[in-house]
Amino acid sequence: MRLDPLIVRCNEHPRVSACRRLLGRPALAVLHGRILLEAQRELAYTAMSIKQIGLGLGFDDAGYFTRFFRRGTGSTPSQWRAAAQASGPRRGDIGSEAG
């Protein structure tokens, strides 16, 4: 099975390799981490609904946002918010799951 050389070169784009070299992670992982961090901030420090937070972060559906959040943190937005409220959010806690 032979891969088209153009497909192989797509992953060698200078910006993609620079991101991986500088940050140690692919660009998409960096973007997802940033979205998770913002979601955690909104959950910890606002009374916005999960649907509102998801819409604000560019998700068309609360279900998609919940799946994305669970995949990145291991808990649902509701579970994460409840845990943050129970322990009182501390500065070092935000983003620790995303990272």
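FYI, it's all coordinate maths here, none of it is from the lab. It should be emphasised that the depicted structure is a prediction, and the values quoted were computed from it without experimental measurement. Quick reminder, even Gly has a Cβ in these numbers, built from the backbone with ideal geometry, and neighbours come from all protein chains shown.
A few notes on this one:
- Efficiency of FRET from Cβ geometry, residue 30 and residue 61, R₀ 35 Å, rounded to 0.05: 0.90
- Efficiency of FRET between residue 82 and residue 38 - r from beta-carbon atoms, R0 25 angstrom, step 0.05: 0.85
- Taking all Cα pairs closer than 8 Å and separated by 6 or more residues, the relative contact order of the range 5-87 comes to 20 percent.
- Using the Karplus relation 6.51 cos²θ - 1.76 cosθ + 1.60 with θ = phi - 60°, the per-residue 3J(HN,Hα) values for the range 50-55 come to 4, 4, 4, 5, x, 4 Hz, with x marking Gly and Pro.
- Computed E for residue 49/residue 71 - FRET, C-beta separation, R0 25 angstrom, nearest 0.05: 0.75
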